[in-house]
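Participant: Following this message is one structure expressed as structure tokens.
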Amino acid sequence: MASVKFDNVYLDSHFVIGGPKEKNGKLDNFDLTIDDYYYESKTVEQAEVNMQKTVINNLLSKKNYQDTDIDYLIGGDLLNQICATSYSARNFAIPFIGVYAACATFPLSLFHGANLIESGNAHNIICLTSSHSLSAERQYRYPIEYGNTKPNTATCTATGAVGVILTNQKTKIKIKSATVGKVIDMGIKDVNHMGAVMAPACADTIYNHLKNMNKTPSEYDVILSGDLGKVGVSILKEYYEKVYNQKLLNVIDAGSSIYLDSQNMYAGGSGPVCLPMVLVCKILQNPKYHRVLIVGTGSLHTPVLLNQSETIPSVAHAVEIEVLS
Amino acid sequence: MGIISEGLINLYMMIFGYSRVDSMSVACLTVILITSMLTAFGVFDNLVEKGKCGLIIPTTGFAHSMASATIDYKKDGFIKGIGSNAFKLAGSAILYGVVAAFFFCILGVVING
């Protein structure tokens, strides 16, 4: 049974940092936007660490908490050995759990956090994730200044950091259940077509979640997929209808909801920060959404194995959120 | 890019009185200089998005890939950064270019005598 129900886990305050392109995009309601990719630091990797530090500091000061009031810090990012999160965690006296599921890191950390709170072993937990378009570019693709042409199926890593506090005190936003997905590999090798890589994993997790929870897609006001992009989300709908014989009508893709068409960002945004950014800045701000299913989709590839002609495995994790009125 | 280079070749021939072969080398160097400088100013990658492959094949592409890799690894130091990563992208083209040139040169000597 990969699905878990929670009765006593709530989402408390949140803090979102958006990068320069995100600031000019479709979303508003950021807590902080930055104009400089370097964010008062010498390298882009340090900028990502700095963004995470700012998020944790602001989450703590928002609630007037000390480090000791938080039981665990759970988070991850895209960089090697999830270094951005580890390096930001060294500034705080909070026990740290690093998780990695590429762009599905946020729902996975919510899952771990919710489990700890539900079991009574923790009261307050910070779940944190970030991505930086330039540090990801260096990690996965080419040097920052290197210009190359991309197909329209390619996605661009979003810049930002998001942190939330999970708590056992009742708030308006409840974490109801979560499903951890299987790793699925359809044999695709194209790094410029992540939507196609991740859509089957996303479909599988949505199907398993609905089956385990005995629900239909229409029982949710919105199913927010992670970062499939414009092409990937249409693949998801088509694939789901063909394989599972059900229509997904209420899917919104987080990656496609960040940038304007005029920003020329190919198929949209990607990165672990997309999903929580759109969740916090758009979905939770809109009173018409009450029952929300977020499905983070992660492509678990590494440039090393890709160069050795390996295919790209992907995973998706789902978390059900209810906004209580 | 071809048109600009041809223009430069003719310009150098007219102004400095170079032969066509000399003028081609100098034009090539000029293009490399301009590309590297535009890369350093952070303009070239935006131009490539508009100009696509017309802008990066072949000499400017090499210059651009080397300049961008060098800028990128500047913070990692001279030895572990710039030295070991400058040819990160252009390395295979240069290595196989040299190897191919060696064999084709032998082939040329054998055939033409």
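Participant: Every residue in region A:149-166 that is among the β-branched types (Val, Ile, Thr) and not in a loop (DSSP other than H, G, I, E, B), please. Quick ask: steps written out before the conclusion?
Facilitator: At the first step, the residues of region A:149-166 found to be among the β-branched types (Val, Ile, Thr) are A:149, A:153, A:155, A:157, A:159, A:162, A:164-165.
Across region A:149-166, the qualifying residues are A:157, A:162, A:164, A:165.
Participant: Take residue A:109 and tell me if it is within 17 Å of the chain's Cα centre (by Cα) and polar (S, T, N, Q).
Facilitator: Numbers: within 17 Å of the chain's Cα centre (by Cα): yes; polar (S, T, N, Q): yes.
So residue A:109 fits the description; yes.
Participant: Please identify the pairs in which a residue from region B:48-73 that is more than 13 Å from residue B:93 (Cβ to Cβ) has its Cβ atom under 8 Å from the Cβ atom of a residue that is in a helix (DSSP H, G or I) and among the acidic types (Asp, Glu), counting only partners at least 6 apart or on another chain.
Facilitator: B:68/B:45
Participant: Answer yes or no: is there a residue in region B:83-91 that is in contact (Cβ under 8 Å) with a residue 24 or more places away in the chain and more than 14 Å from chain A (Cβ to nearest Cβ). Outline the logic, then answer.
Facilitator: Restricting attention to region B:83-91, the residues satisfying the condition of being in contact (Cβ under 8 Å) with a residue 24 or more places away in the chain are B:89-90.
Next, only the ones that are more than 14 Å from chain A (Cβ to nearest Cβ) stay: none.
Looking through region B:83-91, none of the residues is in contact (Cβ under 8 Å) with a residue 24 or more places away in the chain and more than 14 Å from chain A (Cβ to nearest Cβ).
Participant: Residue B:79: at pLDDT 90 or above and more than 14 Å from chain A (Cβ to nearest Cβ), yes or no?
Facilitator: yes
Participant: So, in region B:41-88, exactly how many residues are open to solvent by 40 Å² or more (accessible area, probe 1.4 Å) and under 21 Å from residue B:26 (Cα atoms)?
Facilitator: Selection size over region B:41-88: 6.
Participant: Of the residues A:308, A:263, only one is touching a residue at least 40 places away in the same chain (Cβ under 8 Å) and over 21 Å from residue A:213 (Cβ atoms); which? If you could, list the steps in order and put the result at the bottom.
Facilitator: Numbers: A:308 fails: touching a residue at least 40 places away in the same chain (Cβ under 8 Å).
Going through A:308, A:263 in turn, the sole match is A:263.
Participant: Output the number of the condition that residue A:235 fails; it satisfies all remaining conditions of (1) closer than 27 Å to residue B:46 by Cβ; (2) open to solvent by 10 Å² or more (accessible area, probe 1.4 Å).
Facilitator: Condition (1) is where residue A:235 drops out.
Participant: Report whether or not residue A:309 is exposed (fewer than 15 other Cβ atoms within 10 Å of the Cβ), at pLDDT below 95 and on the phi > 0 side of the Ramachandran plot. Break it down into steps so the answer makes sense when it comes.
Facilitator: Numbers: exposed (fewer than 15 other Cβ atoms within 10 Å of the Cβ): yes; at pLDDT below 95: yes; on the phi > 0 side of the Ramachandran plot: yes.
Criteria met by residue A:309.
The values are calculated or read from the model by the stated rules, or taken from the named source; none is laboratory data. Since the structure is predicted, the reported quantities are computational estimates derived from the model, not experimental observations. With ideal geometry, Cβ positions are generated from the backbone for all residues, glycine too; neighbour counts draw on all protein chains shown. Side chains included, ligands, DNA and RNA excluded: accessible areas come from the protein's heavy atoms. Shrake-Rupley method; radii C 1.70, N 1.55, O 1.52, S 1.80 Å.
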